[in-house]
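Encoded as structure tokens, the structure appears first; notes follow it.
The values are calculated or read from the model by the stated rules, or taken from the named source; none is laboratory data. Only a predicted model underlies this, so the values are computations on that prediction, with no experimental measurement involved. Virtual Cβ from ideal backbone geometry, glycine too; neighbours counted across all protein chains shown. Only protein heavy atoms, including side chains, enter the accessible area calculation; ligands, DNA and RNA are left aside. Shrake-Rupley method; radii C 1.70, N 1.55, O 1.52, S 1.80 Å.
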Amino acid sequence: MASCEGGAKDGMDPDDKARSDVFQRLKAICVPLSQVALTLGREANAENRFKVVNSLEDLAHTLSTIPPEAYSAQLGDYVFFPLSHLLRLGDKLDDRTTELVLQNLELLISNTWGKNLNPELGKQMCILITFFIDDGTTSSPSRCRKSVSDETKRAGARALLQLFKAASVSKALRDLFQNGDIIPTLAHTISVAVTILMDSDDVDCQLAVVECLRTLLILVIGDGEIIATFLPGVSSALCGIIAPSIKKAHFKVLTTCVELLALLFAHTLPDNDLDQMPDSDASGSTSNNSGSNMLAETSVAMAESSSVAMSRHISGEDQSNGERVRLKTLRSKAWLEATRHQVKMALDPVTRLRTHQRPEVRMEVRNFCARLLQTCFNALENCRSVFLITLIFLSSDSDYDISFESFDFIRNFGRDNEEVMDLVKEGVYGWIDGLQRTLSMQDEPRKTALLLELKVGIDLLIDWDLDMAFLQESFVSNFLGAVWLTASEAPKIVASDVITSSDVVGLQKGVLVENYRLEDGSMTFPALDIQRIIGANATEYLEQILENVGISTNGRGILNDCIRIVSDSESSLQNQGVAYWMYVHMVNGVRKSIEVLEDDSTRQLLSQSAENLNDTSVAMIQGYLDNDDISPEETTIVLLSLEALSLSAEIMGLDFKLSLMDVLYPALNLIASRSMQIRQHAYISLNNIAIAAGYCSLSELLVDNVDYVLDSISLRINTLDISPRTPKILSVLIKLAGSSSIPYLDDIIASIFNLLDNYHGYSRLVEGFFEVLKAVVEETSIAYLTATLAIEDEPRRRPPGIWDLETLLTEIQRKPDVILDNKEDSLRDEKDGDSSGIESNAQEVSDEDELDRVLAERDKHHRETPEAWTSPVPKPWYIIVKRIANLTKYYLSHASPSLRYQLLDLLHTGIPILATSEKELLPLINDTWPPLVHRLSDPEFHIIVAALGVIADYSKYSGDFMTSRIEQVWPTVRALLPRELPREREGRFSRPAQIYSAATACICTVVRHTRLKQETFTSILESVGPFLRYNNDLRQAMEEISSDAVWLYFNV
Amino acid sequence: MSIPAAVATLRAQSYTITTVAFHASNLRIVSGDDEGWCIQWSLVTRRPITVWKAHGAALLSVKWMSDELLLTHGRDNKLHLHRLDDRPLDTDIPRLGDNPEKWRKPWLIASLDVNALNFCSAATWGSNRIAVPGTLDSDTIDVYDLLPELKRPYKAISCEGVKTGIVMAIELMEDRLIAGYESGHLAIFRLWEDSVSSRIYLCKAHSQPVLSVALHPADSTFISSSADSKLAKHPLYPQYSNAIPMAASTANDDAVCESACLNIVDINHTGIASIDIRDDEKIFAVACWDGMVRVLLYKSLKLLASFKGGRQQGITCTKFGRTLLSDRSEVVSDEGSSLGATHIGQTALAGVPNRATLSSTVVAKQERKVQNKHWLAVGGKDGKIGLWEIY
């Protein structure tokens, strides 16, 4: 035996040495094995079998551990010898032995013979292995089956795989397998393999089979003509695997099957071979018929029968001579036509895999389509669109690689391919045309998928820079028909239609809308709902489609169409809304694109669009200011306009400052809307405007541009164009901007005075306006707080108290009038002289001027030079505050309790400012006194409390000027005092408790600052006596005036 | 009769606005008030660009002599020529009691002591020649050339032999001087070379002092208004141009040499001040003492619109913006954009990289919008300037 001789030579070099070692090891196994094998033939008892199995296992182990450098063909030959004995036993071998034999064969082929395998041996082996793994179902399903285990089949498939692999690299072997003579053998092998593939449940086995088929057909045979003969059987088997059934194929199997299928088609139907295909069957009608018959048969038959048919067909061919020639002509035009049809049917299961959950499978589907488009573009022209659509579908795959590769492929492939472009165009046209249908689908995933396909299609067209003029018209009209925008929730009506400053603070802190705030401080709008679309995805895709269309070369045309519809007063509100929605999103797309690529024409387009957005939005919002009664369509328009303003600001950045004068007031007005949605949108819009224009916050924006807002308000107020929102916005603004707004306010305040005259019946307006006026007073008082405090702290002339009993007695002797202040005297004189002017309502309007005049005259009288303005508050502001304070006297008896309270509060805030000029203060006190006293009998106790506070204020700032007034009002106050201390359990906020504390606080202040007649003091002391024990402050105040009297009270 | 749209109010001045003037670019406006403060406003941002105290007393007039040169005439008997370039100056609004020295002043190019006793504002011709009431006698008029050095080519022009009272309003042309007098007289003087002047027209169109005159060279006419309720239109080139010798020879009375005006209308409201003819020369506006702005057709003196111009109190002056900018809008917009940009920048643009292209196009667009508006500015006694858009 040659191998023995080879092995006997003792190696001289290390390689030989290793080889010899290996040989020795193998010999130790092979010799006993061949003996057992021989005996097994005769005596197949358990012991022998066991021995064989053991030996084979050892052999397999040894073979797999041989170092590669020790491989040699001779070694293979040597080992094959005992195996051949076993092989000869054929059917007699039991399954396990067969498996091991096959395993060893695999190892032998891969490790020892490799490409040096003897061709004849190779052919033999092919036949043998096929024999071993064939369980008989292939040739005749009815025949009693030989049982072959999956393991054996797997081992066999692997052995075959190695065999074919060897053949793929060995020319001699390949020639053998390409020889027509072997075709029947191969046909059998293939049909067996296909059967295994279909029947086996073992993934590894299936994988090995597919791999085996792939190697044989593609790498070994490689000839399209021959592969074509196997095509029907193999492909239908593969499709059987791929097609969804109860038996779910493993994803790896699926992947390899799809790949093999692609390779098969690519090899049998490449465009390159088209030229060589005869028009019709030139070599004879029989073969043609048989060919098409075969195909027809296979298409109908199931996989197994088809492979039988195939082998029958091939064996049929076998009988005639020169099959090679005949085979050459198998692929004719007619054949192609029929095959195409079959392929198209086979595609369906493949393309269904595009939604398979494993990305590997989806990627393979992508490869399948890409490969076939590339190789068989013309041959499979009927399938092009399926490939393309599948790829387009995969272009929006969740897996980035898949989506990128898919998109990238079509993009590059289609770039120079008109037919592809046309197909995509057609697709896009179809999708757009069916948009309405798509959006009304109930099947949400399908809807999203279609939208995504549309998106990818458009992206492709844009990428190829194709003219989409064909789309322009239908694009807009289809969108208008399909999209039905609705406000995203049933409009939530907010209880009040106005903002308060706490609202603004709340808004600033983002309480309402925190979720939408992005890192840079800007916010995203809650998406508008599109009817019939559930879930944000579809909306998002639609928006993305629009954004991309915006960038396209035809974007401008579509943009123009949209804005034309928006500004066309003939269009319906709904259409206007949708067109504007489209416009906004398309412009947004352009805006995003400019971050990536900068060119002048885009910039120009952007700035033009920003201008359009501004103008359109302002025009559209205009009609809905101060209006809460608006339909959902109108709401949508308002919301869109607000989004558009925000977008415009983002585009224009700091330049948007130039638009603030037109935009701020309308947006601010909408913040005061009753609709929660509008409110929120307006707030987000303003916030984004603030951020875009370089401000840190909304309030900063407002403060810095208060002049614009106030001017807008002023213009409206001047034409009596007002609603309850106006004063609310005004007061919020004044509070936000503080005293910096006051210089702009004088004409607004004048208008308010005017309005109060005209609209005094509308209590909401009146209250609103007084809130504005109060804000003005408050801001003035804050601005000059320190100054007014300084005045307040000035040491006042302390009233000469009643120090002791003697003084007391002397005081009692005196006439009360003597202690009155001169000022009071003089004013009283005037009052006498001009009493009608003060008392009569008819002349009240002129009172103020009258008094001014009187006072001015008096000043002139006393001093010749006009007195310099000494108050720290600038005269114009002071005058404003005074006019406001003066106005209260007409409204203190207003029917609205909240207004009455507001007015008293206003007086309370205003007095410290007014006190900076005593000369101006006293007439005011004089004027407001009568209505103030009336408030002590107000039905609302909190108003009484506030009135008592104001009385105390008057006393504090005007001192003895109040003496006679206090004495007048004392009985009223006394009546308010409770008999006894309010009970604790009623709580601090009960009516008696509140009035008690307000009255005693008032008395404290009054006795401290205003000199009173002895009788009055005594009366006061008597009234408050019961409380002195409990009220330290009161007791102190009383003792400051007369400690003796207090002492007396307690002790007598 | 339509009421124009109120666009905005420029509010800042604490004192009565006495005069306003649009810049040739239609992007800016200068106002002067009773206390001598001048504010240059941007019509784009509607905020002050420059604030300074130009005079110690009320301003009589502000006039743009060129793109950068501003003439101010104050009741402090001064005439100043300022250069207002891109140099940033203060923009704070003056308040009562503020020290005016805290405001930087623009470059003063020339200053001239003039007579400002009689409320009559200076008239200008070209960028160099001005006419003001005579220094010595308020009934006369002096004509000066400002640059390169101060000259007085015509001195003490007056209507000799006619009792005119003080000069109330002057308009100046290359060879003509138009004057309105306290007596209600209107006169045209022909300005010859060599400092010789002669009266070629005299007309007593008004029963009250003349308040304003305005020229319409294209129509060869001018109109006058006065404290009475009449507007009168006069020829610029009266046919009896040889009337002077007659006037000189007939020493006795005005009646002989007086011409009749072309047209006279009574608008039934006394006190018509501040005539301004728009640059399209079709309409003009007047500020009336009843607080109304009246817009009239120049040709027929027909009333087109009348509306309450001011916010509170009364109004003092009206001015039209430019409407014929098309030929020079490009240049102007460039010049203006730099100005606008520097202004809006002040706080926010600092430290932000300049987004050149987009920025300038946006600003330019906004400016074009402003430029193309047909403005009418109305100065009010409440210190506010109402901006209206009209026709």
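Figures for the structure shown
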quantity	calculated
Elements of type helices (runs of 4 or more DSSP H) contained in the range A:694-760, each with 1 or more residues being away from chain B (no Cβ under 12 Å) and among the small types (Gly, Ala, Ser)	A:698-704, A:725-737
Criterion violated by B:Asp33 - all others in (1) within 16 Å of B:Lys384 (Cα to Cα); (2) within 14 Å of another protein chain (Cβ to nearest Cβ) satisfied	(2)
Selection count, the range A:943-997, where residues are among the acidic types (Asp, Glu) and open to solvent by 30 Å² or more (accessible area, probe 1.4 Å)	4
Residues of the range B:38-70 satisfying the condition of being within 14 Å of chain A (Cβ to nearest Cβ) and open to solvent by 30 Å² or more (accessible area, probe 1.4 Å)	B:Arg46, B:Arg47
Within the range A:357-388, tally of residues that are open to solvent by 30 Å² or more (accessible area, probe 1.4 Å), more than 25 Å from A:Lys248 (Cα to Cα) and in contact (Cβ under 8 Å) with a residue 60 or more places away in the chain	3
Looking only at the range B:278-321, and only at residues there that are farther than 15 Å from B:Gly379 by Cα and polar (S, T, N, Q), the one that is most open to solvent (accessible area, probe 1.4 Å)	B:Ser300
Unmet criterion (only one of (1) more than 14 Å from every other protein chain (Cβ to nearest Cβ); (2) in contact with a strand residue (DSSP E or B) (Cβ under 7 Å, 6 or more places away or on another chain); (3) more than 24 Å from B:Glu367 (Cα to Cα); (4) not basic (Lys, Arg)) for B:Phe22	(3)
From A:Leu197, A:Leu186, residue being closer than 13 Å to A:Leu217 by Cα, in a helix (DSSP H, G or I) and not hydroxyl-bearing (Ser, Thr, Tyr)	A:Leu186
Count of the range B:75-103 residues which are touching a Gly at 6+ places or on another chain (Cβ under 6 Å) and open to solvent by less than 30 Å² (accessible area, probe 1.4 Å)	0
Residue list for the range A:211-225, restricted to those being open to solvent by 10 Å² or more (accessible area, probe 1.4 Å) and of a type in the set (A, V, I, L, M, F, W, C)	A:Ile218, A:Leu219
Number of positions in the range A:673-693 that are within 14 Å of chain B (Cβ to nearest Cβ) and outside any helix (DSSP H, G or I)	1
Test: A:Asp181 is open to solvent by 30 Å² or more (accessible area, probe 1.4 Å), assigned to a helix (DSSP H, G or I) and free of Cβ contacts under 8 Å to residues at least 40 places away in the same chain	yes
Among (1) within 29 Å of B:Gly386 (Cβ to Cβ); (2) open to solvent by 10 Å² or more (accessible area, probe 1.4 Å), the one test that A:Leu701 misses	(2)
Where A:Ile651 falls short, out of the listed (1) within 12 Å of another protein chain (Cβ to nearest Cβ); (2) among the aliphatic types (A, V, I, L, M); (3) within 27 Å of A:Leu730 (Cα to Cα); (4) crowded, with 23+ Cβ neighbours inside 10 Å	(3)
In the range B:198-213, residue farthest from B:Asp266 (Cα to Cα) [restricted to those that are over 21 Å from the mean Cα position of the chain (by Cα) and in a strand (DSSP E or B)]	B:Ser198
Residue check for B:His343: modelled with pLDDT of 85 or more and not hydrophobic (A, V, I, L, M, F, W, C)	no
Residues of the range A:588-636 classified as within 14 Å of chain B (Cβ to nearest Cβ), within 20 Å of A:Phe656 (Cβ to Cβ) and not small (Gly, Ala, Ser), total	18
Residue in the range B:3-19 that is under 21 Å from B:Ala110 (Cα atoms) and either touching a Leu at 6+ places or on another chain (Cβ under 6 Å) or not acidic (Asp, Glu) (or both) present	yes
Residue check for A:Ile190: touching a His at 6+ places or on another chain (Cβ under 6 Å) and open to solvent by less than 10 Å² (accessible area, probe 1.4 Å)	no
The range A:550-572, subset closer than 18 Å to A:Val590 by Cα and either in contact with a His (Cβ under 8 Å, 6 or more places away or on another chain) or free of Cβ contacts under 8 Å to residues at least 24 places away in the same chain (or both), residue most open to solvent (accessible area, probe 1.4 Å)	A:Asn560
Helices (runs of 4 or more DSSP H) contained entirely in the range A:581-672, each with at least 1 residues that are modelled with pLDDT under 80 and touching a strand residue (DSSP E or B) at 6+ places or on another chain (Cβ under 9 Å)	A:632-652
Subset tally (residues that are part of a helix (DSSP H, G or I) and under 30 Å from B:Ser306 (Cβ atoms)) for the range B:363-380	4
